[in-house]
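Please read the structure below before turning to the comments.
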Amino acid sequence: MSTGQALWRQVPPWAVDTSLVVLAAIDAWISLQDEGTPSFTWACAALGCAALFLRRRFPLAVVLLTLPMAVLQDVAVAPMAALYTLATSTRNRPLLAGCALLNAAAATVLWPLSDTFTAEDRTWTLIQFVYTLATAFAPVLFGQLVQARHDVARQLVEVEEAREHERALYAQTVLARERAQLAREMHDVVSHQVSLIAVQAGALQVAAKDSQAREGARAIRILSVNTLDELRHMVTLLRASGGKETELTPQPTLADLRQLIANSGIETTLTGELPSGIGTTAQRTVYRTVQEALTNVRKHAPGARAQVSLWQDARHFGVTVTNTAPTRASIALPSDRHGLVGLRERAELLGGTLTAEPTPQGGYKIELRAPTQAA
């Protein structure tokens, strides 16, 4: 907005209306300088000028009230102001055209009417009518232009508001995805480590002969269990926002798989291989699948052995983690039940599937299968 427009908008409406009335009154007074002007003509001029005070509330009525003074006088300010106000307040094009025609006709009528109306008079009357009609359409067109400008400005504001709303929604979506990914990483990494502490503390509690050592191992196990329980609630809250995209860095790859197995505390055999040049997303998915499967073995199948098989065929690749039946009773640990859900989400990102089911021998099997093109 320019400085001039800003200053104009600061002018109060009553000041603008008063200025128009004064200008219209001066215009009418100049045209009424002839001696012997009837009082009726003065009254019509006063009515037409004063009506401009009401032009914002009753624009059509004000246009009609300025017609008598246009018939009796050669004036321009009051009729043009009335037509402009009407044009800015209505979208009825036929009404605007009719008012412009009325104004042109009123300004062209010879008053008082004369019986001696020659052909030359008719020609000049027609010329004057066309000229007056063009003059009357000028404020109408300008008023419509101002109305269109206001419409465009309002639409621009609405578009900007819609864009702000879209940006806010996009930011919320990104935040939701980050929360979901953070929840998945918390479960895959933090839960993995804490559950290992709990399992090792439980084993130490059972094997220790010194009562003080057993009590210390018991305290560690209880704290680990409570930590897992709190972590489960945090993951549940974070996952409430949903989302299946975005990844956090740094992320593990297949190069870290052997280290994961070595640190798992489970007798595990690794066999097979995956396609060469496999992408980082696929590597991460395979790693997290093995990590979650070994975590479940520690939790629910103490003493069991595990087999991690990497495989590929003409159309698919994947990993199968199978464990034997447990050899001793498991220690009760809280389960957030989000591990397999997160793995299925990762598999879906690759266009694959994840299956988890018990084996006939009393163990358990988790298998990730993804199309080769996803590698």
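No value in this document is a laboratory result; all are computed from the given coordinates. It should be emphasised that the depicted structure is a prediction, and the values quoted were computed from it without experimental measurement. Every residue, glycine as well, gets a Cβ built from its backbone with ideal geometry; the counts of neighbours run over all protein chains shown.
Points worth noting:
- Proximal charge balance of G362 [Cβ under 15 Å; K/R count +1, D/E count -1]: +2
- Treating r as the C-beta distance of V130 and L64 and R0 as 30 Å, the FRET efficiency rounds to 0.85.
- Residues E292, E158 in ascending order of nearby Cβ atoms (within 10 Å, fewest first): E158, E292.
- Point-charge dipole on Cβ atoms (K/R +1, D/E -1) for the stretch 3-162, about Cα centre, debye to 20: 540 debye
- Net lengthening on full extension, T355/W14 (0.36 nm per residue, minus Cα-Cα): 115.0 nm
- The stretch between Q259 and R305 holds 14.9 nm of extra length on full extension. This uses 0.36 nm per residue minus the Cα-Cα distance.
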